[in-house]
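Heads up: the structure comes next, in structure tokens.
The values are calculated or read from the model by the stated rules, or taken from the named source; none is laboratory data. Fair warning: this is a prediction, and the values are worked out from it, not measured in the lab. Here Cβ is always computed from backbone atoms with ideal geometry, including for glycine, and neighbour counts include all displayed protein chains. When the accessible area is computed, the model is the full protein with side chains, heavy atoms only, and any ligands, DNA or RNA have been set aside. Shrake-Rupley method; radii C 1.70, N 1.55, O 1.52, S 1.80 Å.
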Amino acid sequence: MKLLALDTSSEGCSAALLVDGSVAERFELAPRGHTRLLMPMVRELLAEQGLVPAELDALAFACGPGSFTGLRIATGVVQGLAYGLDVPVVPVSSLAAVAAGAIARFSLSDGAGIAVAFDARMGEAYWACYICRAGQPELMGDEQVCAPESVALVSGSSDWFGAGQGWALRDSFPAAVTGAMTKIDASLVPRASRVAELAALAFHEGAGVSAAKAQPVYIRDEVAWKKLPGR
């Protein structure tokens, strides 16, 4: 299988190429450099493997939540490629990608819980809880956006790890949440290599959408929409 994955959902910009289970990645922390860096990364990865875009079986991208501008960049690129190549796209949660990174960083075993937090700005945090199953993150409950003091753990694990830059807000988190953490890594950001690995698993299980259906997931907009009068 040959799958190209992209991520521009945070200050990190990355592209990864998965070829028959092996992943190569380009990654750079560049808050304002996504547009400039992304396609050169893609071209370098393909050239290294001696591939042309037409040989790709699928595409993947971190669909959010995250930076609205960043999400639109990756969405636009992946849609353009998918239309031109006529291949399916696998959207992957940015929060899940960080949870996968935490599993690798902390060498987590089955049953460990991962609480992922992003800074959503405007006094809010993106939040999701995962449990490690066979080395992969499994979402428990829902992804959400809320005030930092409203984050909560989901039952299912007694061994918790915090991940994501939103943990810089930990002083505002409930004591019951911060006190439950075995370790915290607030430096973890989504990476295309993790997106590629999660997408490959999902693809083999039948996931994949058309270019038109490859859309960003903002969460905040969706919550606001649900609160509109009469909706």
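Projected over every direction and averaged, the convex hull enclosing the alpha-carbon atoms of the range 6-104 yields 6.0 nm². Rolling a 1.4 Å probe over the protein heavy atoms of the range 72-231, with every protein chain left in place, gives an accessible area that is 51 percent carbon and sulfur. Sorting the segments 59-65, 126-132 by their mean number of nearby beta carbons within 10 angstrom, highest to lowest, gives 59-65, 126-132.
For Phe61, the residues 5 or more places off, or on other chains, whose built amide H falls under 5 Å of its own are Leu6, Val90, Val92. In the chain, the calculated helix contribution to ellipticity at 222 nm averages -9500 deg cm²/dmol per residue, counting -39,500 (n - 2.57) for every DSSP H run with n ≥ 4.
The Rg/Rh ratio of the chain, with Rg taken over Cα atoms and Rh as the Kirkwood radius over Cα pairs, comes to 0.97. The residues packed around Leu4, meaning those with a beta-carbon under 15 Å from its beta-carbon, carry a net charge of -4 if Lys and Arg are +1 and Asp and Glu are -1.
A 1.4 Å probe run over the protein chains yields, for the chain, 46 Å² of accessible area per residue, whole-number rounding.
Most simply put, the chain has about 65% antiparallel DSSP beta bridges, counting only bridges with both residues inside it.
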